[in-house]
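The values are calculated or read from the model by the stated rules, or taken from the named source; none is laboratory data. Everything numeric in this text was worked out from a predicted model, so none of it was measured. Positions of Cβ are generated from backbone atoms using ideal geometry, with glycine treated the same way; all protein chains shown enter the neighbour counts. Surface accessibility is based on the protein's heavy atoms, side chains included, excluding ligands, DNA and RNA. Shrake-Rupley method; radii C 1.70, N 1.55, O 1.52, S 1.80 Å.
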Amino acid sequence: MTQAETGTEVVDDLRRSLDGDVVLPGDVQYDSARACFNAFVDRRPAVIVRCLGRADVATAFDFARAAGLEVAVRGGGHNPAGHCVLDGGLVIDLSRMRRVHVDRDRRIARAEGGSTWLDFDTATVAEGLVTPGGVVGSTGVCGLALGGGIGHLTAQHGLTCDNIVGAHLVTPDASFVRASADENPELLWALRGGGGNFGVATHLEFRLHPVQPVIGGRLTYRGPVGDVLRAFRDAVAEAPGDASCQAVLLVDESLEPAVAVFPCVTGSHDDHPLIETLRSIPGLVEDGVRRHSFVAQQSLFGTGYGVDRHYWKGHFVRELPDELIDELVRRISALGRPPGDILFESLHGAPKSADAPPGAIGYRHAAFNVSATATWRDPALDDEHIAWSRETASAIEPWSWSGGGYANYMQADEPIERVRAMFADGAFDRLQALKRRYDPGNVLRRNQNIPPGQ
Ligand SMILES: Cc1cc2nc3c(=O)[nH]c(=O)nc-3n(C[C@H](O)[C@H](O)[C@H](O)COP(=O)(O)OP(=O)(O)OC[C@H]3O[C@@H](n4cnc5c(N)ncnc54)[C@H](O)[C@@H]3O)c2cc1C
């Protein structure tokens with residue numbers, strides 16, 4: 001569809017049939033509506049449909065089919081691959097659907113398809129409740145949850161997708177489908193990690209858990225950072241299930257590496273063995289750990305939207321041996337300028353519980369998710385930073401749990417084997433069978449794709 005055609009009666013009809021609105025090239029809001037978190041992604045859709053409910057999503061699917069337009073789905077716009085926007089196609093934009101309803105008695109939250117973690121945490125923490133989500137407030141709840149979800153409460157309450165208990169989807173043929181333990185339970189299983197492959201979630205429902213102020217914050221270390229990472233690794237291996245913990249290896253312009261560690265401990269005791277161990281690690285230069293609200297914990301990772309260019313690549317690892325740590329410490333300054341970070345997310349605790357609900361995801365059995373998150377601003381440095389991320393991921397690969405990547409961090413250039421290897425044994429065939437049922441034409445392919453297969 002050309003720009004001229006989108007200005008015709010056809011688009012006027014579309015506008016009239018929506019509760020939401022339509023943004024076209026040339027409209028004042030076009031550039032902000034097509035921007036995503038990753039400034040590396042610069043695409044120009046033909047039509048952006050900003051939906052206000054499931055009928056709008058169905059109308060958008062119908063319109064795209066009739067006009068022969070490819071479709072992308074936008075939640076919070078955070079996916080580093082930029083799957084939320086496309087050249088010349090139609091974006092089903094959920095960013096005006098951000099309500100979060102909390103049922104305190106049933107301990108269930110119902111989040112609209114475009115809600116963010118800031119929307120979610122604000123609504124649930126006000127009721128003393130929480131679900132384990134992402135660590136940056138502007139990330140989309142549904143996009144993150146459908147891809148897994150690792151954050152500050154992973155050890156306590158599992159992956160975000162483990163907490164999905166229901167969904168309302170609009171499938172590409174514009175049908176409405178409900179998934180829950182009682183209705184289409186196989187689809188619910190698939191939504192726990194299978195991404196946006198089966199339909200647009202106008203709502204996801206999550207199990208909630210009581211939350212008090214947590215012991216958390218940031219500890220910064222300099223000096224022997226390899227030893228710091230080894231001590232972090234050993235400390236989280238022994239950490240009980242009331243303590244989540246992530247670490248970041250970084251450098252500033254001086255190229256002196258540093259490690260930042262982000263614990264999050266729940267419960268009412270003021271002393272905790274993990275915090276004591278982390279505080280005793282030599283090289284601690286800044287101790288920002290204290291008891292604070294969970295919402296304060298969720299604001300530790302603040303970062304500008306649409307400002308930096310990103311290319312992320314990594315592996316779930318079986319273990320974090322000394323030689324890998326030494327290689328990553330070498331690589332963080334190898335580029336001769338700050339390349340971004342190397343992120344270590346621990347998967348100890350609840351993800352490995354025998355009580356974890358059934359879901360497609362397999363990587364819960366890995367020890368850590370280790371990611372080379374290249375971040376830069378100057379487009380002239382694209383090739384160097386992308387190469388750094390790829391080479392760093394190659395250095396991690398020998399310890400990979402299954403060869404799979406993390407759907408939530410993967411770029412669009414990853415091969416299907418990396419998607420397949422994320423899932424539990426035999427899961428990919430089941431996911432493909434569901435894809436044939438709900439999206440046989442692979443309309444929803446702008447994602448970490450599960451093709452329908454035979
Ligand atoms: C700064 C930053 C911080 C992050 N922090 C974390 C973190 O702490 N933990 C973690 O696990 N991940 C994290 N992520 C990764 C994030 O979870 C994924 O990128 C996720 O895909 C983002 O979802 P979104 O809705 O914001 O993105 P979008 O780019 O809008 O959507 C990505 C894809 O998700 C699907 N999708 C989104 N919403 C829906 C919906 N309602 N229905 C159906 N499909 C949908 C679509 O396929 C879409 O293309 C982070 C990413 C960034 C950039």
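Of all residues in the stretch 395-454, how many are in contact with a Gly (Cβ under 8 Å, 6 or more places away or on another chain), aliphatic (A, V, I, L, M), within 13 Å of the ligand (Cβ to nearest atom) and touching a residue at least 60 places away in the same chain (Cβ under 8 Å)?
Total meeting the criteria: 5.
Return the residues of the stretch 208-235 that are open to solvent by 30 Å² or more (accessible area, probe 1.4 Å) and within 27 Å of MET410 (Cα to Cα); say none if nothing qualifies.
ARG218, ARG230, ARG233, listed by residue number.
When you go through (1) in contact with a Phe, Trp or Tyr (Cβ under 7 Å, 6 or more places away or on another chain); (2) more than 15 Å from the ligand (Cβ to nearest atom); (3) more than 27 Å from SER175 (Cβ to Cβ) one by one for GLY26, which number turns out not to apply?
(1)
Has the stretch 248-258 got any residue that is within 16 Å of the ligand (Cβ to nearest atom) and either within 19 Å of GLY149 (Cα to Cα) or loosely packed, with under 14 Cβ neighbours inside 10 Å (or both)?
Within the stretch 248-258 (the criterion being within 16 Å of the ligand (Cβ to nearest atom) and either within 19 Å of GLY149 (Cα to Cα) or loosely packed, with under 14 Cβ neighbours inside 10 Å (or both)), the answer is yes, since at least one residue qualifies.
Which ones in the stretch 236-245 are open to solvent by 10 Å² or more (accessible area, probe 1.4 Å) and either touching a strand residue (DSSP E or B) at 6+ places or on another chain (Cβ under 8 Å) or under 23 Å from TRP388 (Cβ atoms) (or both)?
ALA239, ASP242, listed by residue number.
For the stretch 292-342, which positions are basic (Lys, Arg), surrounded by fewer than 18 Cβ atoms within 10 Å (Cβ to Cβ) and within 23 Å of the chain's Cα centre (by Cα)?
Scanning the stretch 292-342 gives a single hit, ARG318.
Anything in the stretch 8-54 that is surrounded by fewer than 19 Cβ atoms within 10 Å (Cβ to Cβ), of a type in the set (A, V, I, L, M, F, W, C), touching a residue at least 24 places away in the same chain (Cβ under 8 Å) and out of contact with any Asp or Glu (no Cβ under 7 Å at 6 or more places or on another chain)? List them, or say none.
VAL10, VAL11, LEU24, ALA35
Go through (1) open to solvent by 20 Å² or more (accessible area, probe 1.4 Å); (2) under 11 Å from the mean Cα position of the chain (by Cα); (3) farther than 16 Å from GLY193 by Cα one by one and return the number of the condition GLY128 breaks.
Result: GLY128 passes all but (2).
Hey, can you tell me all the residues within the stretch 352-366 that are under 25 Å from PRO321 (Cβ atoms), free of Cβ contacts under 8 Å to residues at least 60 places away in the same chain and not in a helix (DSSP H, G or I)? Explain how you work it out, then say what you get.
Applying the first criterion (under 25 Å from PRO321 (Cβ atoms)) to the stretch 352-366 yields 352, 361-366.
Imposing the further condition that a residue be free of Cβ contacts under 8 Å to residues at least 60 places away in the same chain reduces the set to 352, 365-366.
Result: ALA366, single match.
Considering each residue of the stretch 380-394, count those that are open to solvent by 10 Å² or more (accessible area, probe 1.4 Å), touching a residue at least 40 places away in the same chain (Cβ under 8 Å) and not hydrophobic (A, V, I, L, M, F, W, C), and give that number.
Adding up the residues that qualify gives 4.
So, GLY133, is that one in contact with a Phe, Trp or Tyr (Cβ under 6 Å, 6 or more places away or on another chain), under 27 Å from ARG418 (Cα atoms), crowded, with 20+ Cβ neighbours inside 10 Å and of a type in the set (Gly, Ala, Ser) or not? Please lay out each step first, then the result.
On the way: in contact with a Phe, Trp or Tyr (Cβ under 6 Å, 6 or more places away or on another chain): yes; under 27 Å from ARG418 (Cα atoms): yes; crowded, with 20+ Cβ neighbours inside 10 Å: yes; of a type in the set (Gly, Ala, Ser): yes.
For GLY133, the condition - in contact with a Phe, Trp or Tyr (Cβ under 6 Å, 6 or more places away or on another chain), under 27 Å from ARG418 (Cα atoms), crowded, with 20+ Cβ neighbours inside 10 Å and of a type in the set (Gly, Ala, Ser) - is met.
Under 7 Å between Cβ atoms, which residue pairs at least 6 apart in sequence (or on different chains) link something in the stretch 279-303 that is of a type in the set (Val, Ile, Thr) with a partner that is away from the ligand (no atom under 16 Å from the Cβ) and in a strand (DSSP E or B)?
The qualifying pairs are ILE281/TYR221; VAL285/THR220; VAL285/TYR221; VAL285/ARG222; VAL289/ILE215; VAL289/LEU219.
Which of the residues belonging to the stretch 38-59 are more than 15 Å from LEU94 (Cβ to Cβ) and within 14 Å of the ligand (Cβ to nearest atom)?
Of everything in the stretch 38-59, those that are more than 15 Å from LEU94 (Cβ to Cβ) and within 14 Å of the ligand (Cβ to nearest atom) turn out to be ASN38, ALA39, PHE40, VAL41, ARG43.
For residues that are at pLDDT 95 or above and not aliphatic (A, V, I, L, M), scanning just the stretch 360-370, find the one that is surrounded by the fewest Cβ atoms within 10 Å (Cβ to Cβ).
My answer is ASN369.
Of all residues being β-branched (Val, Ile, Thr), assigned to a strand (DSSP E or B) and open to solvent by less than 10 Å² (accessible area, probe 1.4 Å) in the stretch 156-178, which is nearest to the ligand (Cβ to nearest atom)? Just the residue, please.
Top of the filtered list is VAL170.
One line per residue, one yes/no per condition, for (1) open to solvent by 80 Å² or more (accessible area, probe 1.4 Å); (2) modelled with pLDDT of 95 or more:
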{"position": "GLU414", "(1), (2)": "no, no"}
{"position": "VAL419", "(1), (2)": "no, no"}
{"position": "MET422", "(1), (2)": "no, no"}
{"position": "ARG437", "(1), (2)": "yes, yes"}
{"position": "PRO451", "(1), (2)": "no, yes"}
{"position": "GLN454", "(1), (2)": "yes, no"}
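Can you tell me which residues in the stretch 179-197 are away from the ligand (no atom under 12 Å from the Cβ) and under 15 Å from the mean Cα position of the chain (by Cα)?
ARG192, the sole residue that qualifies.
Looking at the stretch 100-119, which of its residues are touching a residue at least 24 places away in the same chain (Cβ under 8 Å) and within 19 Å of the chain's Cα centre (by Cα)?
VAL100, ALA109, ARG110, ALA111, GLU112, GLY113, GLY114, SER115, THR116, TRP117, LEU118
Mind counting the residues in the stretch 116-155 that are of a type in the set (S, T, N, Q), more than 8 Å from the ligand (Cβ to nearest atom) and more than 18 Å from ALA366 (Cβ to Cβ)?
The number of residues fulfilling the criteria is 3.
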